[in-house]
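The values are calculated or read from the model by the stated rules, or taken from the named source; none is laboratory data. All figures in this text were calculated on a predicted structure; none of them were measured in a lab. We place every Cβ from the backbone using ideal geometry, glycine too, and count neighbours over all the protein chains shown.
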Amino acid sequence: MAANWERLPDDRAWVEVEYINSYAVFMGYLSMAIKGLGFLVLTWATVVLLGGFVSMLHKKDFWCLTSITLVQTAGIFDVSLNEKLGYMGDAFGGLMMAIFSGVAGELTSCDWGPVLAYVCLIFVAFLLLLVQLVVLAIILSPLAIIYVLGIFMSGVVSLWRLIEHDYGGNSDGEASNLAPAMETLYYLALLQGVIFCYRFVLGRMGKRLPKAMGTKDSEVQVVLHNYLCETRRGCEKDLTFAEGRNLITYAVDKIGSNSPVDCISGVKILYAWL
């Protein structure tokens, strides 16, 4: 696979690396803000509202708070849509392979005729696949949507309740604090949803960053894109991940990987500076 590696960015300037690292750190701050707001929403909903005002809540608000609380328990630990979708796709593919391999193993061990065995194999596999699709459509698909887009849905629900503004709390006593407490929760969840959408849009735009740096070589763009993705994922877990990181350290990490493809990629990147 030939490539014009001499057209890789000059490491003496580090302009491209600076842009990518700054972008990754900013995305890390956004992820940290989303997780922090998620902890605030979860704490406020469970301790203040469901704990102190649960008997005063209308049914509409009770179910809204319950759904927001359940969504936050999944969303605050991982806010990366791409990784979530990738994990779910791998899990579904593995499930299908397990079904077919299990059925094939059972039927091929029988002493039936080959034609009857294959007919039974196809029939049983089709039934199992049909059952799995029904379960996927009725149970797993809604759960997957909530898991992937739960933070966004939480913001939409909060915006709807803020517009409706019919959660009571106008009487004297403890109930007078219900409306401000509800508004605080919904504003926090709405702010989290807005930051989540902004981070998603910025993530889409970030994919064009390697191309916008001026290089037209496709393989150079691939190197920069992979470096950007790994640096961004690292900064989402640790904001100091980008400190001292550049394409050379990235290549050294690749060489130390257990994957032969990563090792070859790292050697090629280092060879470009020799």
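General observations
- Qualifying positions in region 27-46 - of a type in the set (Phe, Trp, Tyr) and without any contact (Cβ under 8 Å) to a residue 40 or more places away in the chain: Phe39
- Tabulated pairs, region 136-162, first closer than 16 Å to Cys64 by Cα, second among the hydroxyl-bearing types (Ser, Thr, Tyr) and modelled with pLDDT of 90 or more, C-beta under 6 angstrom, 6+ apart or interchain: Ser158/Tyr186; Arg161/Tyr186; Leu162/Tyr186
- Conditions (1) in a helix (DSSP H, G or I); (2) surrounded by 13 or more Cβ atoms within 10 Å (Cβ to Cβ); (3) over 20 Å from the mean Cα position of the chain (by Cα); (4) at pLDDT below 65; number of the one not met by Lys84: (3)
- Answer residue from region 46-79, given it is at pLDDT 80 or above and of a type in the set (Val, Ile, Thr) and is nearest to the chain's Cα centre (by Cα) among those: Val71
- Among the residues of region 246-274, those that are of a type outside the set (A, V, I, L, M), touching a residue at least 40 places away in the same chain (Cβ under 8 Å) and touching a helix residue (DSSP H, G or I) at 6+ places or on another chain (Cβ under 6 Å) comprise Asn246, Ser265.
- So Leu37, is it under 20 Å from Leu162 (Cβ atoms), crowded, with 20+ Cβ neighbours inside 10 Å and at pLDDT 90 or above: yes
- Residue count for region 148-166, restricted to those that are of a type outside the set (Gly, Ala, Ser) and surrounded by 15 or more Cβ atoms within 10 Å (Cβ to Cβ): 9
- Condition broken by Ser257, with the remaining ones in (1) under 30 Å from Phe196 (Cβ atoms); (2) among the small types (Gly, Ala, Ser); (3) not in a helix (DSSP H, G or I) satisfied: (1)
- Condition met for Gly266 (part of a helix (DSSP H, G or I) and over 30 Å from Gly155 (Cα atoms)): yes
- Residue match in region 218-235 (condition: part of a helix (DSSP H, G or I), at pLDDT 80 or above and polar (S, T, N, Q)): yes
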